[in-house]
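A short reminder: the numbers here are calculations on the coordinates, not readings from a lab. Quick caveat, the model's predicted, so the values are computed rather than measured. Cβ sites come from the backbone with ideal geometry, for glycine too, and all protein chains shown count toward neighbours.
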Amino acid sequence: MKLSEYASYDAVGLAGLVARGEVTGAELEAAALEAVGAVNPLINAVVETWPAEGGERAGQVSAEGAPLAGVPFLLKDLGVFMAGKRTELGSRLTEGHVASADSYLMRRFRRSGLATIGRTATPEFAYSITTEAVLYGPTRNPWDRDRTAGGSSGGSAAAVAAGIVPLAHATDAAGSIRIPAASTGLFGLKPTRGRVSMGPDTDEIFSGLAVQGGVSRTVRDSAALLDHIHGPESGDPYFAAPPHRPYREEIARDPGRLRIGVIAEGGGRRRTERAVRDAVSRTAELLASLGHQVAEATLDLGLSWERFVLANARLWTANLVPWLDALAAATGRPIDLSTVQHETLAGYAWGRQVTGADFVSALGVRNTVARSIGRHFDRYDVLLTPTLPELPPRLGTYAEGVEDLDGLGWLDQILDRSPFTAGFNLAGTPAMSVPLATDPTTGLPIGLQFAAAYGREDTLFRLAAQLEQAAPWSHRTPAVWAGSE
């Protein structure tokens, strides 16, 4: 299979070729590894590949009955464990760590038939919205290699955007699926809290803020992935009610006339750039032309922005402390600048000062935000915002002055640059970034975020499929593209 042909298919399309016997999984894997060799040196998205040994992929399920059999797939280097493979969390503190067993999510990836060929870059401990870890160096945006691919799932997003694989694993605790999807022109949906199991090693990550999912070039790929990874496992503390029908079926259903609230400005100090505001306006016009009821709205978090940032900082940093302590004990390495980056060390130090009362108070803020955002969906079916208020920044931007920031200051900087995403993590509600626009000056992609009520991924998938048909984006490819002749 030619690389240009391979890159032209999405995951569902490749699985169809395998099912019809038109191509083998081995041929797809060879094409994916060729793509890694062709474009990864330019973007640094994939940190390790795992070619099949002797033509056989260890632990891979039979192609028979597996919905995504043979489709090349990449794991983010965080949030999922594959037995016998390295999981380093983007950090020198855990460099060389090898997982002893599959996590529940990895088992589901295997059962779906996905052929996991390697792992992608992440910022250290997913503690940033740009993927520039010291361990493996910066990941570059395929649209403009001087710019960030976003984070924390920036490696996965860059790999999919550049055509290495059609679909890749991602996680999201404050926007880490949606931000890199917006930065690289992909579709990325953050599921409802409890939709996908975090087990067995943890019951929740970052006090319920984090979820598991993926990034893709088409809506149907993300729907197919979620169909095969959602659902509870033994011991899960909570889970979202199961969907009424497979998400693959939802994308064929008319979304109906939705009530959509449009929000152009976030709650922080940063104002939305003109190009992004224009994209929001054009999207609102498109939605109205499709028959939806569109109105201006405001996002009320139920408290001040400063209290919102403080609560996030307390939850993030307090969770960071026992995590790093356990990893340091396991590796025998110190927690200092020889093993972790400035922002991680600052968060660790700040988190050690968070009291139990502070932490419980932050959980109370989580509840306040969840209730306040939930009330928005009494009035609207969907909220529309920019995914990000700006175009992808240049690499190195986030590192400027980082040595002068404490743990609170770092989270304040991160949330100020991504004021639209983190609220839906506290609320636990689903949200997606859809690549509906580009900046006319630079050609960079602009993501539009849509959020729905708890458990209503079905609404989002129906709307996403309608938008994909009305304003298709799959024909747009970046400068770094595996399918180029």
Among VAL360, VAL354, which is closer than 27 Å to PRO123 by Cα and out of contact with any strand residue (DSSP E or B) (no Cβ under 7 Å at 6 or more places or on another chain)? VAL354
Looking only at the range 12-30, and only at residues there that are buried (at least 21 other Cβ atoms within 10 Å of the Cβ) and among the small types (Gly, Ala, Ser), the one that is farthest from the chain's Cα centre (by Cα): GLY25
Flagged in the range 390-422 as surrounded by 21 or more Cβ atoms within 10 Å (Cβ to Cβ) and of a type in the set (Val, Ile, Thr), in numbering order, are ILE414, THR421
Condition (residue is closer than 24 Å to HIS292 by Cβ and out of contact with any Leu (no Cβ under 9 Å at 6 or more places or on another chain)) applied to the range 437-453: is it met by at least one residue? yes
Among ARG379, ARG333, ARG375, ARG352, the single one that is crowded, with 17+ Cβ neighbours inside 10 Å and of a type in the set (Lys, Arg) is ARG333
Could you list, in sequence order, the residues of the range 462-485 that are within 28 Å of THR148 (Cβ to Cβ), in a helix (DSSP H, G or I) and touching a helix residue (DSSP H, G or I) at 6+ places or on another chain (Cβ under 7 Å)? ALA464, GLU468
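Listed here are the residues, each with its yes/no results for (1) basic (Lys, Arg); (2) farther than 13 Å from SER128 by Cα; (3) over 26 Å from the mean Cα position of the chain (by Cα).
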{"site": "ARG314", "(1), (2), (3)": "yes, yes, no"}
{"site": "ALA326", "(1), (2), (3)": "no, yes, no"}
{"site": "VAL360", "(1), (2), (3)": "no, yes, yes"}
{"site": "LEU405", "(1), (2), (3)": "no, yes, no"}
Single condition GLY188 does not satisfy, out of (1) closer than 27 Å to PRO472 by Cβ; (2) of a type outside the set (Asp, Glu); (3) not in a strand (DSSP E or B): (3)
Among the residues of the range 328-349, is there at least one that is under 15 Å from PHE424 (Cα atoms) and touching a Lys or Arg at 6+ places or on another chain (Cβ under 8 Å)? no
The range 223-264, residues that are within 18 Å of ALA297 (Cβ to Cβ) and either without any contact (Cβ under 8 Å) to a residue 40 or more places away in the chain or among the β-branched types (Val, Ile, Thr) (or both): ARG257, ILE260, VAL262, ILE263
Regarding ARG253, is this residue surrounded by fewer than 20 Cβ atoms within 10 Å (Cβ to Cβ), under 18 Å from THR385 (Cα atoms) and over 24 Å from the mean Cα position of the chain (by Cα)? no
Being crowded, with 19+ Cβ neighbours inside 10 Å and not hydrophobic (A, V, I, L, M, F, W, C) is the filter here; which residues of the range 284-301 pass it? HIS292
If we ask which residues in the range 240-254 are out of contact with any helix residue (DSSP H, G or I) (no Cβ under 8 Å at 6 or more places or on another chain) and more than 13 Å from ARG456 (Cα to Cα), their number turns out to be 1
Evaluate the range 160-172: report whether one residue or more is within 23 Å of GLU468 (Cβ to Cβ), within 14 Å of the chain's Cα centre (by Cα) and polar (S, T, N, Q). no
Sort out for me the helices (runs of 4 or more DSSP H) sitting completely within the range 230-347 that have 3 or more residues that are of a type in the set (Val, Ile, Thr). 274-289, 305-331
